[in-house]
Amino acid sequence: MTPEEQAAKIKQLREEISNLNKSVPDQYLEQFLIARSWNVAAAKDQLLKMYEWRDKNQIDYHPVATDENKLPVLYAVRGFHSIPDSNLEAQPGISEAVLRINKYMGGACLHKTDREGCPVYIERLGYHKAKELAKYTKVEEVQGYHIGCNEFLHRVVMKDCSIAAGRHINRETVIFDCTGMNWGQLHMPALNFIRAIADCDQKYYPETLNKFFLVNAPSAFVYVWKIVKAWLDPGTIAKIQIIGSDYKKALLEQIAPENLPKFLGGECDCDHMDGGCVPSQVLKNAKPLNATDANQKVATAYNDDIMKQGKTSDTIRGPAFH
Ligand SMILES: [Zn+2]
């Protein structure tokens, strides 16, 4: 399809949803069109369902951490202008569920940008305690946490990256490091969490993936991949590269060495931060996350009072993107 034909489809979709009175950039409409192979009716249908979901769950009012509101971050961040380098810590206001989920996670960080200016999310998937995650956490809690992270990513970090790159950035590059993975992680209840997250992203945050690298994949991963692949859109599958131990060249082609952690073949070690580039509760390189009474037992990412403040305060809600 030519750029002119694509522009015509975007215009057509914009006209079809004009009665919604939403001000959205062309790039946002384009995400839905690409996800639905440029079928305007299908893209409109997905867009309407997304708005329905956001309204029903009041996602527009979800609080997001910024440098101004000093709300604690939901995961580690490194290398952005508008938010200082931070770790997830057991600060008041973070829900107990988020702290509990992270106790069993191998480590995650939104770590700097790739050569295209997209933020890079790194997860040490191989160190996840899959069985404990499935046993001690609920899918609603994982979903609530994921939505909180997504809103922060799209409303705060993508804006930051867009300013730095001088163009509209709406996609994230993801690295899943499988180092440490074993047969124990072939655990169906834990894989169902991946399914719930992938389902949420594909329906409500379509085409927000730039590149996806699954590195250090052990041979056993073939079996996991067969299961997971069935849950993904063809567009998502096309962006995923599964690489064994020979991954450095592919990562360095996408990410400059100073932005890539040393343990992934780059030069960065973030030695100014507890936990370095990717703090991990399982590897115990960062402060333990022990919940107190100031961490409420709710399925949302933040305590109820902070979730409610999003409805009344522009500062805590952060800039809307649609
Ligand atoms: Zn680093």
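The values are calculated or read from the model by the stated rules, or taken from the named source; none is laboratory data. Computed from a predicted structure; not experimentally measured. Note: ideal-geometry Cβ built from the backbone for every residue, glycine included; neighbour counts use all protein chains shown. These accessible areas exclude ligands, DNA and RNA; they are computed on the full protein's heavy atoms, side chains included. Shrake-Rupley method; radii C 1.70, N 1.55, O 1.52, S 1.80 Å.
The figures follow:
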read-out	value
DSSP-defined antiparallel bridges as percent of all bridges, the chain, nearest 5	25
Alpha-carbon centroids, segment 80-110 and segment 199-241: separation in whole Å	24
Given charges at beta-carbon only (K, R positive; D, E negative), |dipole| of the chain in Debye	720
FRET efficiency, 1/(1 + (r/R0)^6) with R0 30 Å, evaluated for VAL222 and ALA42 via beta carbons	0.40
Charge dipole of the chain about the Cα centre (unit charges at C-beta), most positive-ward option of THR66, VAL24, PRO279	PRO279
Euclidean distance between Cα centres, segment 136-166 to segment 17-79, Å	11
Accessible-area composition of segment 109-149, carbon plus sulfur, in percent [1.4 Å probe]	49
Average accessible area per residue (Å²) across segment 35-152 - probe 1.4 Å, nucleic acids and ligands excluded	39
Carbon/sulfur fraction of accessible area - segment 3-56, other protein chains in place, 1.4 Å, %	46
Inter-part distance where segment 297-311 and segment 119-135 are each reduced to a Cα centre, Å	24
Relative contact order [Cα under 8 Å, 6+ residues apart], the chain, whole percent	25
Global geometry of the chain, whether rounded, prolate or oblate, following the gyration tensor of its Cα atoms and the 1.5 cut on a/c	rounded
Residue-span extension gain [GLN6 to ARG167] - 0.36 nm each, minus C-alpha spacing	56.1 nm
